[in-house]
Amino acid sequence: MILNVLAFIRENYGQEITLTDAASCCGVTPEYLSRVFTHEMGVNYSSFLQNFRVSIAKQLLLSGKYKVYEVSEAVGFHDQKYFTKVFKKLCGVTPAEYKRENVR
């Protein structure tokens with residue numbers, strides 16, 4: 001079941017996907033998936049999804065091909081301010097600072 005959820009996230013991270021959506025793809029309730037996911041992964045679904053999206057965002061930023069707002073949209077954050085807040089919380093720098101410091 002967890003492998004199915006991880007595949008679902010990989011395929012759909014650019015869209016708005018909820019715990020309910022992930023649970024539906026596995027045929028279980030959101031509450032059950034939440035418990036099992038947290039137990040198996042050591043982190044809750046929401047935190048995992050944020051971390052996954054930020055890891056993809058870092059790759060896109062390092063490519064140097066995209067503006068921050070384009071990366072934000074591509075990884076499923078449709079509010080750039082929220083994306084910047086989450087990115088800074090997880091990485092310690094804003095996406096623009098990360099790009100500036102790492103792209104040559």
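Structure summary
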| item | result |
| --- | --- |
| Potential lengthening between Asn12 and Arg104 on full extension [0.36 nm per residue; Cα-Cα distance subtracted] | 30.1 nm |
| Relative contact order of the chain, pairs being alpha-carbon contacts under 8 Å that are 6 or more residues apart, as % | 23 |
| Tally of Lys pairs whose C-alpha atoms are under 20 Å apart, taken over the chain, 8 or more apart or cross-chain | 17 |
| Å² per residue, accessible surface of the chain at 1.4 Å | 61 |
| FRET E, pair Leu3, Lys67, Förster distance 35 Å, beta-carbon r, rounded to 0.05 | 0.55 |
| Kyte-Doolittle mean at least 1.6, axial Cα span of 30 Å or more - DSSP H helices of the chain | none |
| Highest to lowest packing among 10-17, 92-99, scored as the average C-beta count within 10 Å | 92-99, 10-17 |
| Cα→Cβ-extended label distance, 7 Å offset, between Asn44 and Thr94, nm | 2.8 |
| Most mobile listed residue (Ser34, Ser55, Ser24) in the chain, GNM with C-alpha springs under 10 Å | Ser24 |
| Per residue, the convex hull volume that the Cα atoms of the chain enclose (Å³) | 94 |
| Within the accessible area of the chain (1.4 Å probe), percent carbon and sulfur | 50 |
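The values are calculated or read from the model by the stated rules, or taken from the named source; none is laboratory data. All figures in this text were calculated on a predicted structure; none of them were measured in a lab. Positions of Cβ are backbone-derived with ideal geometry, glycine not excepted, and every protein chain shown enters the neighbour counts. Heavy atoms of the whole protein, side chains included, go into the accessibility calculation; ligands, DNA and RNA do not. Shrake-Rupley method; radii C 1.70, N 1.55, O 1.52, S 1.80 Å.
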